[in-house]
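Read-outs throughout are calculated quantities, based only on the coordinates presented, and are distinct from any laboratory measurement. Worth saying up front: this structure is predicted, and the values here are computed from it rather than measured. A quick note on method: Cβ atoms are made from the backbone with ideal geometry, for glycine too, and the neighbour counts reach across all protein chains shown.
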Amino acid sequence: MGFLISTILLTSFAILAVIDGFYLHIFKYQLFNHPESKFEHLTHTIRAILFPLIVYFLFITQNCQISFFLGILFVFLDIIVLGIDAYVEKDSRAFMGGLPRWEYILHLFVNGFHFASIAVFLALKLSFTESGIEVVGDLSHLKNFEVFRFVTKNLMPGAIILAIVHIMTSIPASANYWNIQRSKITCC
């Protein structure tokens, strides 16, 4: 049951992250084009890079404690960058009159689903014994593991593409190319 819950949370996160991270931040508001938003865009870029690393090292790689601990490290880095992002967001969005309330609520759901999926996964991955905490190597025997594995592996291409788009819009030459292509789209 835990893998089913984690899969639903992770899928919900992915859908909302595309709406927030791509449609709103890059496509609609073009945060990378506003001087006061460049640092916020940098935090989004770092988080976009961290997400596929978290998925790969924490969720996909099994039976390797080094990968597990790398995944945990990336989760902690993600939490730190999220805190920095939240701190700068008010000033970063001055060009649009501040962060819209509905986008703030969207951020709560996006990050809630993200970290809840990790927490549920950790509840499955960690075993609390009398001698301490043990990392369970192989979870393939648990119900819905294969569904979870299928979803995480299929999230990777989109997560990597979103990270690349964030990186490209952080580089002036490729951001300019994006702006030219974006200007050809008249909707949304």
Toy charge model, Lys and Arg Cβ at +1, Asp and Glu Cβ at -1: region 2-183 dipole around Cα centroid in debye, rounded to 20, equals 400
Relative contact order for region 2-183: what percent, with Cα pairs under 8 Å and sequence separation of 6 or more? 37
Contour minus Cα-Cα span, SER183 to LYS143, at 0.36 nm per residue, comes to 9.6 nm
Can you put ILE26, ILE171, ILE5, ILE185 in order, fewest other beta carbons within 10 Å first? ILE185, ILE171, ILE5, ILE26
Go through LEU9, LEU58, VAL81 and say which Cα lies farthest out towards the positive end of the charge dipole of region 2-183; charges sit on Cβ, +1 for Lys and Arg, -1 for Asp and Glu. LEU9
For LYS28, which lysines qualify as cross-link partners when the Cα separation must be under 21 Å and same-chain residues fewer than eight apart are set aside? LYS38, LYS90, LYS184
Checked region 2-183 against the a/c 1.5 cut and the a/b vs b/c comparison, axes a ≥ b ≥ c from its Cα gyration tensor; verdict prolate
Among ARG182, ARG93, what is the fewest-to-most ranking by other Cβ atoms within 10 Å? ARG182, ARG93
Compare the Cα positions of TYR177, GLY98, VAL110 along the charge dipole of the chain (+1 at Cβ of Lys, Arg; -1 at Cβ of Asp, Glu; about the Cα centre) and return the one farthest towards the positive end. TYR177
Which of TYR87, TYR29 has the fewest other C-beta atoms within 10 Å, and how do the rest follow up to the most? TYR87, TYR29
Using θ = phi - 60° and the Karplus form 6.51 cos²θ - 1.76 cosθ + 1.60, what ³J(HN,Hα) does each residue of region 158-168 get, whole Hz, x for Gly and Pro? x, 5, 5, 4, 4, 5, 5, 4, 4, 5, 4
If I model a spin label as a point 7 Å beyond the Cα along the Cα-Cβ vector, how far apart are those points for ALA173 and LEU73 in nm? 3.2
